1. Could you tell me the calculated FRET efficiency between Asp103 and Lys152, based on Cβ-Cβ distance and R0 = 22 angstrom, to the nearest 0.05?
2. If ligands, DNA and RNA are left out, what is the accessible area of Lys268 with a 1.4 Å probe, given in Å² to the nearest 10?
3. Taking 0.36 nm per residue of sequence separation and subtracting the Cα-Cα distance, how much length would be gained by fully extending the chain between Lys242 and Ser58, in nm to one decimal?
4. Could you work out how far apart the two model spin labels at Lys268 and Arg71 are, taking each label as a point 7 Å from the Cα in the direction of the beta carbon, and quote it in nm?
5. With all protein chains present, calculate the accessible area of Arg166 using a 1.4 Å probe and round the result to the nearest 10 Å².
6. Counting Lys +1, Arg +1, Asp -1, Glu -1, what net charge surrounds Leu117 among other residues with beta carbon under 9 Å of its beta carbon?
7. Which translational diffusion coefficient, to the nearest whole µm²/s, is obtained for segment 99-215 from the Stokes-Einstein equation, given a Kirkwood hydrodynamic radius over C-alpha pairs, 4 °C and 1.567 mPa s?
8. Between the alpha-carbon centers of segment 69-95 and segment 35-52, tell me the distance in whole angstrom.
Amino acid sequence: MIRSIVGVSIAAVLLTGMGCALFRSAPEGTFKRATAEELTVLLRQREAAIHSMKGLFSAKVRGGFIPIASRVEGAVYYRRPNALRLRGFTSIGSELFEFVQADDVYKLRLPTIGRVLMGHQSEMAEMGKLARPFQLSVWAVGGVLGTGTIAKGETVKLADEGDRYRLDVYAPVNGSAAQPVLARRLWFDRRTLLVVQEDRLTETGEVDATIQYEDFRPIGEQGDRSSPAKAMASAQLLRPFKISLEDGRGQGSVQVTFHEMLTNQAIKTEDLGQIS
């Protein structure tokens, strides 16, 4: 009888301890459930929430793959569907670069070295060191604007990775490919369903660039910070104010920190620059 009572008491203590440990280590109740289709729709909603944007940012460029200052003060102008202009200045206001994109065509002007590059965005990787950091910067801005949504013809596959969802994005099959090619990976925080990391892959499956999204803040129609309650009710207006990009080829990195974002305001044509 005594041995039975002692055994039951020990078992109760062990079960209680296990229950507390499980409660502390498994915060599943705070996670949000989502399917691949729901995340795809969420990405499109966040893209549709911004029609235009003006922003001020600072950038740190490491790796020596660009012949300009490693610290840059910049301005960005964007208007849907794909008109983009980036301008960079020194701390005293001297112009370092101007990058203009319209559809798939871009122009990069570097007044400090007297160079102008023009071509198609899809061919920027072939332009070497000069164009590479600007390609990374376009991807960084895309993470803020939500322009990296799932395109027509792309397919997705969802994986559960604990406190994150991983959404694999496959490019459509072309004439030479026997099956869809993995083009991107998106990691969603399961508590907020915000994209916190993105991998861009080459056609051979190697990581072209890794992008980290941090410091999410709510933005309103005039770029002001709205209340937390409003932000929770309208999650598509949460945007990352810090974006870090690591070049998959080991050429360097770019860190972009936004100081101000003004969304859905009228953008003048001259603010967007000219390709020609």
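The values are calculated or read from the model by the stated rules, or taken from the named source; none is laboratory data. Source: prediction; values computed, not measured. Reconstructed Cβ throughout: ideal geometry from the backbone, glycine too, with neighbour counts over all protein chains shown. Just the protein is used for accessible areas: all its heavy atoms, side chains included, with ligands, DNA and RNA removed. Shrake-Rupley method; radii C 1.70, N 1.55, O 1.52, S 1.80 Å.
1. That pair, Asp103 with Lys152, gives E of 0.85.
2. Spelled out: Lys268, probe radius 1.4 Å, area about 130 Å².
3. Going from the current span to full extension adds 65.3 nm.
4. Distance between label points: 3.1 nm.
5. 50 Å²
6. Within the 9 Å Cβ shell, the charges total +3.
7. 82 µm²/s
8. Rounded to whole Å, the Cα centres lie 26 Å apart.
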